[in-house]
Amino acid sequence: MIITKNLLKEFIDVPENILDITNQKIIEVEEFTSLNESTNLVVGKVLTCEPHPNSDHLNLTTVDLGDRIEKIVCGAPNVAKDQYVIVAQVGSKLPGNFEIKKSKIRGEESNGMICSLQELGFDEKIVPEKHKDGIYYFDEEVKIGTPALEAISLEGWKMTLGLTPNRGDLLSIYGFALDLASVMNLDVKKPSYKFNVSKEQNPFKVDIQTQGCGTYHARYIDQITIKESPWWLKSALISRGMRPINNVVDISNYVLIMLGTPLHMFDANKIKTKNIVVKNATDNQKVISLDGEERILVSSDVVITDGLEPIAIAGVMGLENTMVDDQTTNVLLEAAYFDPKHIQHTSKRLNLRSDASLRFERGVDDHRLKLGLDLATYLLVELADARVYENVVSTVNYALEPTVINIEKSFIKHRLGVELSEKTYCNTLNNIIIK
């Protein structure tokens with residue numbers, strides 16, 4: 001699990017010595033680095049862009065950096081006048097310890113470099129298509145002279161946790177914040193997401209017919225516009241090696257990162273009925289998963305169906321027949337609790353591991369399901385112009401009962417070697433309770 005400062009601060013005031021605290025009091029840190037190694041990058045505006053007199057593929061640009069205007073030779077085919085771009089100034093260092101120096105290119109002065117995402121160390125596979133063959137430019141006006149890493153939400157550090165199988169609680173930014181709050185006696189900002197709901201009623205019904213599913217929530221949302229995600233959302237995924245797809249898919253991945261709640265979005269227009277039935281598969285049932293592979297199911301696998309055919313392998317991966325694509329306008333949003341043993345068995349047998357199955361195998365907090373549902377809904381309204389139907393359809397097959405553990409104060413004293421007050425015990429445990 002990767003924790004980043006710019007996401008963690010959404011929930012808690014981040015201590016300066018976060019690395020030492022995490023290593024000593026929470027879990028081993030495998031790696032602690034900057035989100036991006038580049039230095040001295042700023043946002044600039046291209047004032048002029050003319051062909052280089054001594055080259056058929058280079059351009060001469062003048063770029064406003066806020067405190068001065070510099071001449072920069074640029075070879076990218078997509079550079080143009082009035083773009084807001086990322087500029088590596090003279091003295092900047094890019095990944096690989098590549099230093100930017102004053103130079104002359106084909107006889108013309110060049111004081112800096114207009115950067116592509118690849119030059120900033122981005123893997124080719126996660127660079128948005130329109131920026132793959134040239135420089136990166138912002139889609140909106142950005143204050144000139146702003147630190148560029150801040151403008152693309154890649155300032156600060158990232159910390160990779162060495163997770164053990166028993167620490168499923170740390171598979172989200174919020175979960176880590178709760179643990180940090182406990183050990184440091186800090187306050188956690190409880191998330192809350194508000195959005196308008198129409199008077200239209202959710203047309204779907206949910207029926208659970210298997211012990212592999214405890215709780216299932218479904219919300220219906222329409223009038224969705226599929227488009228590119230804003231950069232802050234892309235960067236949250238990119239910093240974890242996840243490729244941005246579109247605003248709808250990216251939102252579900254963002255909720256997974258932030259709250260540890262796996263969601264699934266079905267293209268509602270591809271669901272043949274309004275009856276969602278969660279049940280066990282039949283032996284030798286063949287389905288095509290989202291990765292395009294044929295999977296053969298057995299009766300111990302749990303599937304989401306429309307009452308006629310499977311539309312998802314529960315807790316593992318959706319199916320191609322209800323996949324969200326560029327034509328999607330309506331979605332059915334799922335937040336559910338699936339039994340860890342069922343998910344572990346299916347994932348291992350199919351050799352199909354996903355970010356969702358990783359969390360379900362370790363146990364997802366069923367009290368956080370609606371919070372994840374609300375965050376996704378809020379973002380769909382804000383980023384996809386969606387309309388939310390009234391009434392979340394919720395079916396509870398069984399609820400997880402809180403586990404009661406009785407501990408004597410003498411036991412804790414013996415293990416810690418110090419005497420603590422009862423107030424300290426209570427505050428520490430209360431801080432880590434899922435809020």
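What follows draws every value from the coordinates through simple rules; no lab data is involved. Keep in mind the model is a prediction, meaning the values are calculated, not measured. When we count neighbours, we look across all protein chains shown, and the Cβ atoms used for this are built from the backbone with ideal geometry, even at glycine.
For this structure, a couple of remarks:
- Span from the the range 78-120 Cα centroid across to the the range 186-209 one, whole angstrom: 46
- Rounded to whole numbers, the Karplus 3J(HN,Hα) couplings from phi for the range 99-104 are 9, 8, 10, 4, 7, 10 Hz, using 6.51 cos²θ - 1.76 cosθ + 1.60 with θ = phi - 60°, and x at Gly and Pro.
- Cβ-defined net charge surrounding T215, 10 Å radius [Lys, Arg +1; Asp, Glu -1]: 0
- Computed on the Cα atoms alone, the convex hull of the chain gives a volume of 171 cubic angstrom per residue.
- The phi torsions of the range 154-168, fed into the Karplus equation with coefficients 6.51, -1.76 and 1.60 and a -60° offset, translate into couplings of 10, 7, x, 10, 10, 10, 9, 8, x, 5, 9, x, 8, 10, x Hz, rounded to whole numbers, with Gly and Pro shown as x.
- Net charge contributed by nearby residues that have their C-beta within less than 11 Å of T4 (K/R +1, D/E -1): +2
- In range of the label at Q209: residues from the range 304-323 whose backbone nitrogen is under 14 Å from the point 7 Å along Cα→Cβ: 304-311
- HN-Hα J in Hz across the range 7-22 - Karplus 6.51, -1.76, 1.60, θ = phi - 60°, x for Gly and Pro: 8, 4, 5, 5, 10, 7, 6, 7, x, 5, 9, 4, 5, 5, 4, 5
- Entries in K101/K143; K227/K272; K9/K270 that, when Cα-Cα distance is taken, lie over 31 Å: K9/K270
- W157 long-range amide H proximity, modeled H, under 5 Å: K5, N6, L35
- Considering only the range 205-396, percent of DSSP beta bridges that pair antiparallel, nearest 5: 90
- Kirkwood-Stokes translational diffusion coefficient of the range 41-151, alpha-carbon pairs, 4 °C, 1.567 mPa s, µm²/s: 93
- Ranking N275, Q223, G75 by Cα position along the charge dipole of the chain, where only Lys, Arg, Asp and Glu carry charges on their C-beta atoms, puts N275 farthest toward the positive end.
- Antiparallel bridges, percent of DSSP beta bridges restricted to the chain (to nearest 5): 95
- Cut-off of 10 Å, at most 15 other beta carbons, DSSP loop: longest stretch of the chain lacking such GluC sites (Glu not before Pro): 294-407
- Calculated FRET efficiency, V418 to S34, Cβ-Cβ distance, R0 = 41 Å: about 0.65 to the nearest 0.05.
- Residue-averaged [θ]222 nm for the chain, counting only DSSP H segments that reach four residues, each worth -39500 (n - 2.57): -6500 deg cm²/dmol
- Computed over the alpha carbons of the range 205-396, Rg followed by Dmax gives 15.4, 44 Å.
- Between F411 and K341, the C-beta separation translates, for a Förster distance of 45 Å, into a calculated FRET efficiency of about 0.90.
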